[in-house]
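Worksheet for the structure shown next.
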(Lines give C-alpha, C1' and ligand atoms only; values in the text may rest on other atoms or scores of the structure.)
Protein backbone atom coordinates (compact mmCIF):
# COMPACT_ATOMS: atom_id res chain seq x y z
CA UNK A 1 0.00 0.00 0.00
CA UNK A 2 2.84 2.33 0.90
CA UNK A 3 4.54 1.67 -2.46
CA UNK A 4 1.27 2.37 -4.29
CA UNK A 5 0.92 5.71 -2.47
CA UNK A 6 4.47 6.67 -3.34
CA UNK A 7 3.84 5.71 -6.96
CA UNK A 8 0.64 7.77 -7.16
CA UNK A 9 2.29 10.79 -5.56
CA UNK A 10 5.30 10.60 -7.87
CA UNK A 11 2.99 10.23 -10.87
CA UNK A 12 1.04 13.33 -9.76
CA UNK A 13 4.26 15.33 -9.40
CA UNK A 14 5.41 14.15 -12.83
CA UNK A 15 2.02 15.04 -14.39
CA UNK A 16 2.06 18.48 -12.74
CA UNK A 17 5.59 19.15 -14.00
CA UNK A 18 4.62 18.12 -17.52
CA UNK A 19 1.52 20.33 -17.42
CA UNK A 20 3.58 23.25 -16.12
CA UNK A 21 6.17 22.78 -18.87
CA UNK A 22 3.44 22.55 -21.51
CA UNK A 23 1.80 25.72 -20.23
CA UNK A 24 5.11 27.53 -20.18
CA UNK A 25 5.59 26.63 -23.82
CA UNK A 26 2.06 27.80 -24.66
CA UNK A 27 2.79 31.10 -22.91
CA UNK A 28 5.97 31.56 -24.89
CA UNK A 29 4.14 30.77 -28.13
CA UNK A 30 1.34 33.22 -27.34
CA UNK A 31 3.86 35.90 -26.36
CA UNK A 32 5.73 35.42 -29.63
CA UNK A 33 2.48 35.53 -31.59
CA UNK A 34 1.46 38.81 -29.95
CA UNK A 35 4.87 40.33 -30.63
CA UNK A 36 4.64 39.23 -34.28
CA UNK A 37 1.11 40.57 -34.66
CA UNK A 38 -0.61 37.19 -35.09
CA UNK A 39 -3.28 37.86 -32.48
CA UNK A 40 -5.68 35.10 -33.51
CA UNK A 41 -2.93 32.53 -33.08
CA UNK A 42 -2.08 34.06 -29.71
CA UNK A 43 -5.70 33.79 -28.58
CA UNK A 44 -5.84 30.15 -29.68
CA UNK A 45 -2.69 29.29 -27.70
CA UNK A 46 -3.89 31.21 -24.64
CA UNK A 47 -7.28 29.48 -24.68
CA UNK A 48 -5.47 26.14 -24.78
CA UNK A 49 -3.37 27.19 -21.81
CA UNK A 50 -6.38 28.41 -19.82
CA UNK A 51 -8.05 25.03 -20.21
CA UNK A 52 -5.16 23.58 -18.22
CA UNK A 53 -4.66 26.54 -15.85
CA UNK A 54 -7.82 28.70 -15.65
CA UNK A 55 -6.41 30.71 -12.73
CA UNK A 56 -3.20 31.75 -14.45
CA UNK A 57 -3.29 35.56 -14.20
CA UNK A 58 -0.50 35.96 -16.74
CA UNK A 59 -2.44 34.04 -19.40
CA UNK A 60 -5.47 36.27 -18.81
CA UNK A 61 -3.22 39.33 -19.11
CA UNK A 62 -1.86 37.99 -22.43
CA UNK A 63 -5.43 37.42 -23.59
CA UNK A 64 -6.27 41.00 -22.72
CA UNK A 65 -3.30 42.25 -24.71
CA UNK A 66 -4.23 40.17 -27.77
CA UNK A 67 -7.79 41.55 -27.79
CA UNK A 68 -6.43 45.01 -27.03
CA UNK A 69 -4.32 44.89 -30.16
CA UNK A 70 -7.35 43.76 -32.15
CA UNK A 71 -9.30 46.72 -30.78
CA UNK A 72 -7.05 49.01 -32.84
CA UNK A 73 -3.53 48.72 -34.19
CA UNK A 74 -2.19 52.09 -33.10
CA UNK A 75 -3.19 55.56 -31.89
CA UNK A 76 -4.05 56.70 -35.38
CA UNK A 77 -7.10 54.41 -35.25
CA UNK A 78 -8.46 54.90 -31.73
CA UNK A 79 -11.23 57.03 -33.18
CA UNK A 80 -12.56 53.90 -34.91
CA UNK A 81 -14.79 52.06 -32.45
CA UNK A 82 -14.41 48.31 -31.94
CA UNK A 83 -16.50 47.82 -28.82
CA UNK A 84 -16.51 44.01 -28.98
CA UNK A 85 -12.72 43.68 -28.88
CA UNK A 86 -12.47 46.37 -26.22
CA UNK A 87 -14.97 44.59 -23.98
CA UNK A 88 -13.15 41.26 -24.41
CA UNK A 89 -9.80 42.88 -23.62
CA UNK A 90 -11.19 44.61 -20.55
CA UNK A 91 -12.77 41.39 -19.28
CA UNK A 92 -9.47 39.52 -19.61
CA UNK A 93 -7.48 42.20 -17.79
CA UNK A 94 -10.19 42.35 -15.11
CA UNK A 95 -9.87 38.57 -14.65
CA UNK A 96 -6.10 38.93 -14.24
CA UNK A 97 -6.74 41.49 -11.49
CA UNK A 98 -9.37 39.26 -9.85
CA UNK A 99 -6.87 36.41 -9.66
CA UNK A 100 -3.89 38.58 -8.74
CA UNK A 101 -4.70 42.16 -7.59
CA UNK A 102 -0.97 42.80 -7.22
CA UNK A 103 -0.18 41.48 -10.69
CA UNK A 104 3.53 40.73 -11.10
CA UNK A 105 3.55 38.76 -14.34
CA UNK A 106 5.04 39.84 -17.65
CA UNK A 107 3.64 43.11 -18.97
CA UNK A 108 3.33 44.96 -22.21
CA UNK A 109 4.67 48.26 -20.83
CA UNK A 110 1.96 48.74 -18.18
CA UNK A 111 -0.16 46.63 -15.87
CA UNK A 112 -3.81 45.54 -16.14
CA UNK A 113 -5.29 48.55 -14.32
CA UNK A 114 -3.78 51.00 -16.79
CA UNK A 115 -4.71 48.72 -19.70
CA UNK A 116 -8.37 48.83 -18.67
CA UNK A 117 -8.16 52.59 -18.35
CA UNK A 118 -6.70 52.99 -21.84
CA UNK A 119 -9.28 50.62 -23.37
CA UNK A 120 -12.25 52.59 -22.09
CA UNK A 121 -10.53 55.92 -22.66
CA UNK A 122 -10.08 54.94 -26.31
CA UNK A 123 -13.70 53.80 -26.56
CA UNK A 124 -14.79 57.13 -25.08
CA UNK A 125 -12.66 58.96 -27.65
CA UNK A 126 -14.26 56.94 -30.46
CA UNK A 127 -17.72 57.95 -29.25
CA UNK A 128 -16.57 61.56 -29.02
CA UNK A 129 -15.41 61.46 -32.64
CA UNK A 130 -18.81 60.02 -33.59
CA UNK A 131 -20.48 62.95 -31.83
CA UNK A 132 -21.99 60.84 -29.04
CA UNK A 133 -20.84 62.54 -25.83
CA UNK A 134 -23.39 60.69 -23.71
CA UNK A 135 -21.95 57.32 -24.77
CA UNK A 136 -18.44 58.67 -24.11
CA UNK A 137 -19.41 59.54 -20.54
CA UNK A 138 -20.80 56.03 -20.06
CA UNK A 139 -17.56 54.53 -21.44
CA UNK A 140 -15.44 56.52 -19.02
CA UNK A 141 -17.65 55.47 -16.11
CA UNK A 142 -17.54 51.84 -17.18
CA UNK A 143 -13.76 52.05 -17.32
CA UNK A 144 -13.81 53.20 -13.73
CA UNK A 145 -16.16 50.39 -12.71
CA UNK A 146 -13.90 47.79 -14.32
CA UNK A 147 -10.71 48.88 -12.57
CA UNK A 148 -9.34 51.96 -14.31
CA UNK A 149 -9.67 55.62 -13.35
CA UNK A 150 -9.20 54.69 -9.69
CA UNK A 151 -8.90 57.43 -7.02
CA UNK A 152 -5.09 57.63 -6.83
CA UNK A 153 -4.78 58.07 -10.59
CA UNK A 154 -7.60 60.61 -10.75
CA UNK A 155 -6.20 62.65 -7.88
CA UNK A 156 -2.77 62.81 -9.50
CA UNK A 157 -4.25 64.09 -12.76
CA UNK A 158 -6.47 66.57 -10.94
CA UNK A 159 -3.35 67.90 -9.24
CA UNK A 160 -1.65 68.32 -12.64
CA UNK A 161 -4.59 70.37 -13.85
CA UNK A 162 -4.75 72.37 -10.61
CA UNK A 163 -1.15 73.43 -11.30
CA UNK A 164 -2.19 75.32 -14.43
CA UNK A 165 -3.22 78.94 -14.86
CA UNK A 166 -6.66 79.60 -16.42
CA UNK A 167 -7.10 78.76 -20.13
CA UNK A 168 -3.88 76.78 -20.23
CA UNK A 169 -2.57 74.42 -22.89
CA UNK A 170 -0.86 71.37 -21.43
CA UNK A 171 1.11 68.78 -23.39
CA UNK A 172 0.82 65.26 -22.00
CA UNK A 173 2.70 62.04 -22.56
CA UNK A 174 0.48 58.96 -22.62
CA UNK A 175 -2.56 57.13 -21.29
CA UNK A 176 -1.98 57.86 -17.61
CA UNK A 177 -1.78 61.63 -17.96
CA UNK A 178 -4.35 62.07 -20.74
CA UNK A 179 -7.43 59.85 -20.39
CA UNK A 180 -7.93 60.71 -16.70
CA UNK A 181 -7.83 64.44 -17.51
CA UNK A 182 -10.36 63.99 -20.30
CA UNK A 183 -12.51 62.04 -17.82
CA UNK A 184 -12.28 64.90 -15.31
CA UNK A 185 -13.31 67.39 -17.97
CA UNK A 186 -16.10 65.44 -19.67
CA UNK A 187 -17.60 63.56 -16.70
CA UNK A 188 -16.86 65.83 -13.74
CA UNK A 189 -16.76 69.16 -15.57
CA UNK A 190 -13.41 69.98 -13.97
CA UNK A 191 -11.10 72.59 -15.53
CA UNK A 192 -12.82 72.68 -18.92
CA UNK A 193 -10.81 75.84 -19.64
CA UNK A 194 -7.70 73.70 -20.25
CA UNK A 195 -6.72 72.06 -23.54
CA UNK A 196 -5.09 68.71 -22.85
CA UNK A 197 -2.87 67.93 -25.85
CA UNK A 198 -1.54 64.38 -26.12
CA UNK A 199 1.84 64.39 -27.87
CA UNK A 200 1.55 60.87 -29.30
CA UNK A 201 -1.79 61.67 -30.92
CA UNK A 202 -0.33 64.86 -32.39
CA UNK A 203 1.06 62.61 -35.11
CA UNK A 204 -2.37 61.87 -36.62
CA UNK A 205 -4.55 64.27 -38.66
CA UNK A 206 -7.96 63.45 -37.17
CA UNK A 207 -6.74 64.40 -33.69
CA UNK A 208 -5.05 67.61 -34.82
CA UNK A 209 -8.27 68.66 -36.57
CA UNK A 210 -10.23 67.86 -33.42
CA UNK A 211 -8.00 70.19 -31.38
CA UNK A 212 -8.39 72.93 -33.95
CA UNK A 213 -12.10 72.62 -34.70
CA UNK A 214 -13.89 71.32 -31.61
CA UNK A 215 -11.95 70.12 -28.53
CA UNK A 216 -14.97 68.23 -27.17
CA UNK A 217 -13.70 67.93 -23.60
CA UNK A 218 -13.61 71.64 -22.81
CA UNK A 219 -14.50 75.19 -23.73
CA UNK A 220 -11.45 76.27 -25.77
CA UNK A 221 -10.03 75.24 -29.11
CA UNK A 222 -6.37 75.38 -30.06
CA UNK A 223 -5.55 78.35 -32.29
CA UNK A 224 -4.00 76.90 -35.44
CA UNK A 225 -3.47 78.66 -38.73
CA UNK A 226 -3.11 75.37 -40.62
CA UNK A 227 -6.06 74.49 -42.84
CA UNK A 228 -7.64 71.05 -42.60
CA UNK A 229 -6.10 70.19 -45.98
CA UNK A 230 -2.65 71.19 -44.73
CA UNK A 231 -3.18 69.08 -41.62
CA UNK A 232 -4.07 66.05 -43.74
CA UNK A 233 -0.86 66.53 -45.73
CA UNK A 234 1.45 66.65 -42.70
CA UNK A 235 4.34 64.19 -42.67
CA UNK A 236 7.77 63.93 -41.03
CA UNK A 237 10.12 66.64 -42.26
CA UNK A 238 13.80 66.30 -43.11
CA UNK A 239 15.77 68.23 -40.52
CA UNK A 240 19.28 69.18 -39.57
CA UNK A 241 20.17 70.55 -36.15
CA UNK A 242 19.41 74.26 -36.28
CA UNK A 243 18.22 77.20 -34.23
CA UNK A 244 14.48 77.79 -34.11
CA UNK A 245 12.62 80.68 -32.50
CA UNK A 246 9.21 81.62 -31.15
CA UNK A 247 8.54 85.33 -31.68
CA UNK A 248 7.93 87.47 -28.64
CA UNK A 249 4.92 89.58 -27.74
CA UNK A 250 4.29 92.81 -25.84
CA UNK A 251 4.94 91.03 -22.56
CA UNK A 252 7.16 88.09 -23.55
CA UNK A 253 10.59 87.88 -25.11
CA UNK A 254 11.43 85.92 -28.23
CA UNK A 255 12.93 82.57 -27.36
CA UNK A 256 15.37 80.62 -29.51
CA UNK A 257 17.02 77.26 -29.06
CA UNK A 258 18.80 74.51 -30.94
CA UNK A 259 16.49 71.77 -32.19
CA UNK A 260 17.90 68.43 -33.34
CA UNK A 261 16.20 65.71 -35.42
CA UNK A 262 14.03 63.28 -33.49
CA UNK A 263 13.84 60.53 -36.14
CA UNK A 264 17.16 58.75 -36.68
CA UNK A 265 19.09 62.05 -36.79
CA UNK A 266 17.46 63.01 -40.10
CA UNK A 267 13.90 64.27 -39.49
CA UNK A 268 11.32 65.74 -37.15
CA UNK A 269 8.16 63.88 -36.24
CA UNK A 270 4.78 65.36 -37.05
CA UNK A 271 4.23 65.88 -33.31
CA UNK A 272 7.39 68.05 -33.18
CA UNK A 273 6.19 70.14 -36.10
CA UNK A 274 2.81 70.51 -34.43
CA UNK A 275 4.31 71.67 -31.12
CA UNK A 276 6.17 74.37 -33.07
CA UNK A 277 2.95 75.31 -34.88
CA UNK A 278 0.96 75.51 -31.65
CA UNK A 279 3.60 77.63 -29.90
CA UNK A 280 3.91 79.98 -32.86
CA UNK A 281 0.19 80.36 -33.41
CA UNK A 282 -0.51 80.78 -29.70
CA UNK A 283 1.62 83.97 -29.68
CA UNK A 284 2.03 83.76 -25.88
CA UNK A 285 -1.69 84.46 -25.46
CA UNK A 286 -2.35 81.37 -23.35
CA UNK A 287 -0.08 79.76 -20.72
CA UNK A 288 1.62 76.62 -22.02
CA UNK A 289 2.77 73.69 -19.88
CA UNK A 290 4.33 70.27 -20.25
CA UNK A 291 3.27 67.62 -17.75
CA UNK A 292 6.27 66.48 -15.72
CA UNK A 293 5.49 62.96 -16.98
CA UNK A 294 6.52 63.96 -20.52
CA UNK A 295 9.67 62.16 -21.66
CA UNK A 296 12.78 64.20 -22.30
CA UNK A 297 12.80 63.42 -26.04
CA UNK A 298 9.33 64.94 -26.34
CA UNK A 299 10.23 68.30 -24.78
CA UNK A 300 11.76 69.60 -28.02
CA UNK A 301 15.00 70.57 -26.25
CA UNK A 302 13.07 73.46 -24.65
CA UNK A 303 14.43 72.70 -21.19
CA UNK A 304 16.06 76.11 -20.69
CA UNK A 305 12.63 77.73 -21.05
CA UNK A 306 10.64 75.18 -19.05
CA UNK A 307 10.13 76.34 -15.47
CA UNK A 308 9.55 73.62 -12.91
CA UNK A 309 6.44 74.26 -10.83
CA UNK A 310 5.70 70.78 -9.45
CA UNK A 311 3.72 68.38 -11.61
CA UNK A 312 4.08 70.76 -14.57
CA UNK A 313 6.78 72.70 -16.36
CA UNK A 314 5.65 76.06 -17.73
CA UNK A 315 7.02 77.54 -20.93
CA UNK A 316 8.50 80.95 -20.08
CA UNK A 317 10.29 83.57 -22.14
CA UNK A 318 13.19 84.01 -19.71
CA UNK A 319 15.45 81.18 -18.66
CA UNK A 320 14.46 80.05 -15.17
CA UNK A 321 14.91 76.60 -13.61
CA UNK A 322 11.98 76.77 -11.20
CA UNK A 323 9.55 79.07 -9.45
CA UNK A 324 10.08 78.67 -5.72
CA UNK A 325 6.88 80.58 -4.99
CA UNK A 326 4.66 78.43 -7.23
CA UNK A 327 6.40 75.19 -6.28
CA UNK A 328 5.87 76.00 -2.60
CA UNK A 329 2.22 76.89 -3.21
CA UNK A 330 1.50 73.76 -5.25
CA UNK A 331 3.26 71.31 -2.94
CA UNK A 332 1.83 72.72 0.30
CA UNK A 333 -1.50 74.32 -0.58
CA UNK A 334 -2.79 73.00 -3.91
CA UNK A 335 -1.94 69.31 -4.17
CA UNK A 336 -3.72 66.60 -2.22
CA UNK A 337 -2.03 63.29 -1.44
CA UNK A 338 -4.84 60.95 -0.44
CA UNK A 339 -3.93 58.64 -3.32
CA UNK A 340 -1.29 56.85 -1.25
CA UNK A 341 -4.16 55.47 0.87
CA UNK A 342 -5.95 54.05 -2.18
CA UNK A 343 -5.57 50.25 -2.22
CA UNK A 344 -4.99 50.37 -5.96
CA UNK A 345 -1.96 52.61 -5.43
CA UNK A 346 -0.05 49.65 -4.00
CA UNK A 347 -0.70 47.59 -7.13
CA UNK A 348 0.23 50.01 -9.93
CA UNK A 349 3.97 50.30 -10.54
CA UNK A 350 3.63 53.03 -13.15
CA UNK A 351 1.78 55.21 -10.63
CA UNK A 352 4.68 54.79 -8.20
CA UNK A 353 6.97 56.24 -10.86
CA UNK A 354 4.62 59.17 -11.39
CA UNK A 355 4.55 59.90 -7.65
CA UNK A 356 8.30 60.45 -7.82
CA UNK A 357 7.43 63.90 -9.17
CA UNK A 358 5.90 64.82 -5.82
CA UNK A 359 9.08 63.95 -3.96
CA UNK A 360 11.18 65.70 -6.61
CA UNK A 361 9.28 68.91 -5.94
CA UNK A 362 9.72 68.70 -2.18
CA UNK A 363 13.43 67.90 -2.45
CA UNK A 364 14.07 70.79 -4.85
CA UNK A 365 12.43 73.09 -2.32
CA UNK A 366 14.47 71.62 0.52
CA UNK A 367 17.69 72.05 -1.49
CA UNK A 368 16.80 75.68 -2.22
CA UNK A 369 16.16 76.46 1.45
CA UNK A 370 19.38 74.69 2.43
CA UNK A 371 21.36 76.91 0.02
CA UNK A 372 19.62 79.91 1.59
CA UNK A 373 20.59 78.60 5.05
CA UNK A 374 16.90 78.56 5.98
CA UNK A 375 17.08 75.37 8.03
CA UNK A 376 13.64 75.69 9.69
CA UNK A 377 12.07 75.68 6.21
CA UNK A 378 14.24 72.71 5.18
CA UNK A 379 12.94 70.73 8.15
CA UNK A 380 9.35 71.84 7.54
CA UNK A 381 9.50 70.82 3.86
CA UNK A 382 10.91 67.33 4.46
CA UNK A 383 8.67 66.66 7.44
CA UNK A 384 5.59 67.72 5.46
CA UNK A 385 6.69 65.45 2.58
CA UNK A 386 7.14 62.50 4.95
CA UNK A 387 3.74 63.17 6.48
CA UNK A 388 1.94 63.28 3.14
CA UNK A 389 3.99 60.52 1.47
CA UNK A 390 4.83 58.17 4.39
CA UNK A 391 7.39 55.53 3.58
CA UNK A 392 5.14 52.72 4.84
CA UNK A 393 2.61 53.61 2.11
CA UNK A 394 5.02 54.82 -0.54
CA UNK A 395 8.52 53.31 -0.16
CA UNK A 396 11.41 55.30 -1.59
CA UNK A 397 12.29 54.21 -5.12
CA UNK A 398 15.91 55.31 -4.78
CA UNK A 399 17.85 54.45 -1.58
CA UNK A 400 20.38 57.23 -2.25
CA UNK A 401 17.62 59.84 -2.42
CA UNK A 402 16.14 58.51 0.81
CA UNK A 403 19.51 58.74 2.54
CA UNK A 404 20.04 62.26 1.22
CA UNK A 405 16.64 63.38 2.55
CA UNK A 406 17.35 61.82 5.95
CA UNK A 407 20.76 63.50 6.20
CA UNK A 408 19.36 66.86 5.11
CA UNK A 409 16.61 66.64 7.73
CA UNK A 410 19.13 65.67 10.39
CA UNK A 411 21.35 68.67 9.56
CA UNK A 412 18.34 70.97 9.55
CA UNK A 413 17.16 69.79 12.97
CA UNK A 414 20.67 70.11 14.41
CA UNK A 415 20.90 73.69 13.14
CA UNK A 416 17.53 74.79 14.53
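Can you tell me how many residues within region 276-297 are outside any strand (DSSP E or B) and farther than 13 Å from residue 249 by Cβ?
In the first step, residues of region 276-297 are kept if they are outside any strand (DSSP E or B); the result is 276-287, 292-297.
Next cut, farther than 13 Å from residue 249 by Cβ only: 276-278, 292-297.
Adding up the residues that qualify gives 9.
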Free of Cβ contacts under 8 Å to residues at least 40 places away in the same chain, outside any helix (DSSP H, G or I) and under 29 Å from residue 328 (Cα atoms) - does that describe any residue in region 298-308?
yes
Restricting attention to region 92-138, the residues that are without any contact (Cβ under 8 Å) to a residue 12 or more places away in the chain and over 24 Å from residue 186 (Cβ atoms) number exactly 3
Residue count, region 201-230, condition within 20 Å of residue 174 (Cα to Cα) and assigned to a loop (DSSP other than H, G, I, E, B), comes to 6
Could you list all residues from region 357-392 that are assigned to a loop (DSSP other than H, G, I, E, B) and over 26 Å from the mean Cα position of the chain (by Cα)?
372, 373, 374
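Pull up region 46-64, narrow it to residues that are under 21 Å from residue 102 (Cβ atoms) and out of contact with any helix residue (DSSP H, G or I) (no Cβ under 6 Å at 6 or more places or on another chain), then point me to the one that is surrounded by the most Cβ atoms within 10 Å (Cβ to Cβ).
58
Say whether the condition of being touching a helix residue (DSSP H, G or I) at 6+ places or on another chain (Cβ under 7 Å) and either at pLDDT 95 or above or surrounded by 14 or more Cβ atoms within 10 Å (Cβ to Cβ) (or both) is met by at least one residue in region 253-260.
In the first step, residues of region 253-260 are kept if they are touching a helix residue (DSSP H, G or I) at 6+ places or on another chain (Cβ under 7 Å); the result is 255, 257.
From what is left, the residues that are either at pLDDT 95 or above or surrounded by 14 or more Cβ atoms within 10 Å (Cβ to Cβ) (or both) are 255, 257.
Within region 253-260 (the criterion being touching a helix residue (DSSP H, G or I) at 6+ places or on another chain (Cβ under 7 Å) and either at pLDDT 95 or above or surrounded by 14 or more Cβ atoms within 10 Å (Cβ to Cβ) (or both)), the answer is yes, since at least one residue qualifies.
The values are calculated or read from the model by the stated rules, or taken from the named source; none is laboratory data. Bear in mind that the values here come from a model prediction, so they are computed numbers and not experimental data. As a convention, Cβ positions derive from the backbone with ideal geometry for all residues, glycine included, and neighbour counts pool all protein chains shown.
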